[in-house]
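The values are calculated or read from the model by the stated rules, or taken from the named source; none is laboratory data. All values reported here derive from a predicted model rather than from experimental measurement. When the accessible area is computed, the model is the full protein with side chains, heavy atoms only, and any ligands, DNA or RNA have been set aside. Shrake-Rupley method; radii C 1.70, N 1.55, O 1.52, S 1.80 Å.
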Amino acid sequence: MNLLDELRTHRLLAIVRGPDPDAALTAVLTVAESGVAVVEVSMTSADALGVIRRARAALGPDFALGAGTVLSVEDARAAADAGAGFLVTPAIAASLAEGGRLGLPVLAGALTPTEVVQANDGGATAIKLFPASLGGPDYLGALRDPFPGTAFVPVGGVDADGARRYLERGATAVGVGSPLLGDAVRGGDTAALRERAAAFLAAVRP
């Protein structure tokens with residue numbers, strides 16, 4: 001699985017984080033069935049490793065399923081063992097180098113130009129611009145000038161309209177959590193989740 005190719009092709013990363021492992025698993029499978037092709041399960045979720053393990057078994061070896069909020073070496077190794085095909089960090093952390101040692105692509109969190117340089121130097125596959133809401137699409141546009149070869153994935157407060165605007169300003173993809181998942185991660189309506197997934201997929205369509 002080539003994470004950068006997946007992000008460039010599908011332009012949407014679903015971020016699943018929740019207190020109910022069964023509901024989180026249902027949410028992962030629902031968005032995947034709805035056409036969302038790249039999904040991360042946050043390590044801050046209840047039994048995140050179990051959710052990743054069960055989702056991998058259900059979705060197969062080729063689906064772009066990753067672990068998010070991975071900060072430590074230990075978490076990176078545990079996520080890989082559970083079946084994560086990529087790692088996502090909220091900041092530059094020990095997990096970035098460990099992802100490289102494990103042979104896993106890493107979407108590394110960064111906000112400032114200095115952090116972007118550090119993440120790129122550390123081997124990041126792409127930059128998770130986080131929290132994107134602090135600067136919005138205009139800030140991404142400004143970052144694109146000194147880093148034209150860097151793939152940026154804004155995360156944090158991205159709704160369907162914002163997704164379009166970030167992509168117009170040069171984002172490779174957008175990462176979306178609660179605006180997409182809503183209450184589904186707590187056992188909410190999966191039909192509504194499917195509707196939101198359709199809306200986001202339409203928003204990111206080239």
Gyration tensor (alpha-carbon) shape descriptor, segment 1-79, a/c threshold 1.5: oblate
Selected from Ala97, Ala32, Ala58 as most flexible by GNM, with the chain as the system and alpha-carbon contacts under 10 Å: Ala58
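Please work out the average accessible area per residue across the chain, using the 1.4 Å probe convention, and give it in Å².
Working: 8330 Å² over 206 residues.
On a per-residue basis, 40 Å².
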Among Gly157, Gly35, Gly136, residue whose mean-square fluctuation peaks in a GNM of the chain (springs only between Cα atoms under 10 Å): Gly35
Among Leu49, Leu87, Leu107, residue whose mean-square fluctuation peaks in a GNM of the chain (springs only between Cα atoms under 10 Å): Leu49
Mean separation of Cα contacts under 8 Å, 6 or more apart, over the residue count of the chain: relative contact order %: 23
Rg(Cα) / (2.2 N^0.38 Å) computed for segment 129-201, rounded to two decimals: 1.20
Coarse-grained scattering of segment 38-157 at q = 0.16 Å⁻¹, given as base-10 log I(q)/I(0) from a Debye sum over alpha-carbon atoms: -0.71
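Suppose a student asked you for the relative contact order of segment 70-192, using Cα pairs under 8 Å spaced at least 6 residues apart; what percent would you report?
Numbers: 200 pairs, mean separation 20.0, N = 123.
Normalised by residue count, the contact order of segment 70-192 is 16 percent.
Leaving ligands, DNA and RNA out of it, report the carbon-plus-sulfur percent of the accessible area of the chain at a 1.4 Å probe.
Numbers: 4210 of 8330 Å².
In the chain, the share of accessible area belonging to carbon and sulfur is 51 percent.
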5 Å-binned pair-distance histogram of the chain (Cα, whole percent): 1, 9, 18, 21, 22, 16, 9, 3, 0
Per-residue HN-Hα couplings for segment 113-122 [Karplus 6.51, -1.76, 1.60; θ = phi - 60°; Hz; x = Gly/Pro]: x, 4, 5, 4, 4, 4, 5, 4, 5, x
